[in-house]
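Derivation of every value follows stated rules applied to the coordinates shown; laboratory data play no part. Note that the structure is predicted; figures quoted are calculated from it, not measured. In this analysis, Cβ positions are derived from the backbone assuming ideal geometry, glycine residues included, and neighbour counts consider all displayed protein chains.
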Amino acid sequence: MSCHICSRAPHTRLPFHCPTCARNQLYQLRIESTQLLLEKEALGQQIAATATYDTSQDTNDERSRRWAIQGISSQQTGSLSRQEALAHHIEILRLEINAKRVEASERRQSLSRRRSDAESAKYQLGEREIATLTAIQNTTKRTEHLWHSLHSKTAEARIFLCREAAHLYGLRQKVSKRGEARESYVLGGGATPAQISTSLSNVAHLLVLISHYLTLRLPAEVTLPHRNYPTSTILTPAASYQSRETPESSGTSSQTSTPSLTASRTLDARIHLPRPRPLFIDRPLPRLAKEEPATYALFLEGATLLAWDVAWLCRTQGINLSSDSWEDVCNLGKNMWQLLVAPPAQTSTLMRAFAGRDTQTKMKTARDSPKTTIQRTKSFPMLGHYSHGTAHSFLGASEGSEFMRTWKLPTPIKIVDNLKSNLLGEMASAEWELLEEKEWDDGMDRVE
């Protein structure tokens, strides 16, 4: 051990630095000297015992017998205790063996019962699986049949509501045979070209009502008149259906019966909201184009978005326009009449609308559809079929997306540009300008 004072292990060749190291070095010599003295004493005792052997032999024999008897007695006691411990341990092992035998017997019985139950469960398993699968297939067939039947009734109810709404709004077709056959479409009972705001308001009301009946969300959101908002407006597709509050009209619009375009465009500067496109005017188009070109452009854009909504609604219900030109898209009356009032027996239009859809349905059915699927035919009514409100024939699903993918109409921006250029050409080619009664009176006053 190292010294607890100098912290150095003892060594014969190293000098001592403290008394403790020197004392530790002398311990071994003292121990050896003590051992020699003890050995000397033991030898002296043996010599003395040998010298006195004759006198003490009887005493030593008695003492030796006593020690031997005590040793034998202690050995016997230890042997008995070990024997009892072994007997106790043997008894414990015997009980454990019996318990394990009982447990093994119970496990064999349990395995036998489970084996019997498994054999009973596997008995005629194939037949029972076939019967269960057949029952599930029959239930699926009945459910699908009821589902398709309910969807057919829903489509018929939608058709009835849409046609009744068109009838109540007075949507009808007029054919003039003077010279050449010309078709005109009237909504609201006596709408004239001078009542553009009323006509567009009627179209907006009817369009929102029809989209509600068909549970369809229009691409361009239409806002109908409500409290503190007396006129109809429309938003662009990018700004539609966003979380916002509808901007209210100014005090001028709410206090007078005639809406003001300038007041409807006045919004709170602190609120950054998308700008709605008006569906109303308070003066003739040529005058509006001269006095307020920005309002004129917004009105044309709003009317175009409304017509584009109508064309989109016609497409979702299986009615294709005669061409992809902007004139057919802007023909609001004809498109609404074909959608809501015209007889449904327009096989050519429906066949064109169904062509791509039926091809995709047949290919998909032949590839991976089960036999229980009820196949739809071309006689299935398209009006009221696709919608955004039911899981059956959901327009946003793969089938509806594929059905709408073939729609190749121009975008609203291109239609607005074509409409602007056409109206500018008509206004430029006019020989004289149509004046209102007030302007005639002002002119007569100047002449007098």
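Given a Förster distance of 30 angstrom, what is the FRET efficiency for T139 paired with A397, based on the Cβ-Cβ distance and rounded to 0.05? E(calc), rounded to 0.05, equals 0.80.
For segment 89-176, the set of chymotrypsin sites (Phe, Trp or Tyr not before Pro) satisfying both a DSSP loop assignment and a count of at most 15 other C-beta atoms within 10 Å is given as Y123. Placing R0 at 22 angstrom, the Cβ-Cβ distance between A239 and W407 gives a FRET efficiency of 0.55 after rounding to 0.05.
Between the amide H of R172 and those of V186, distances stay under 5 Å, these residues lying 5 or more places away or on another chain, with hydrogens modeled in the peptide plane.
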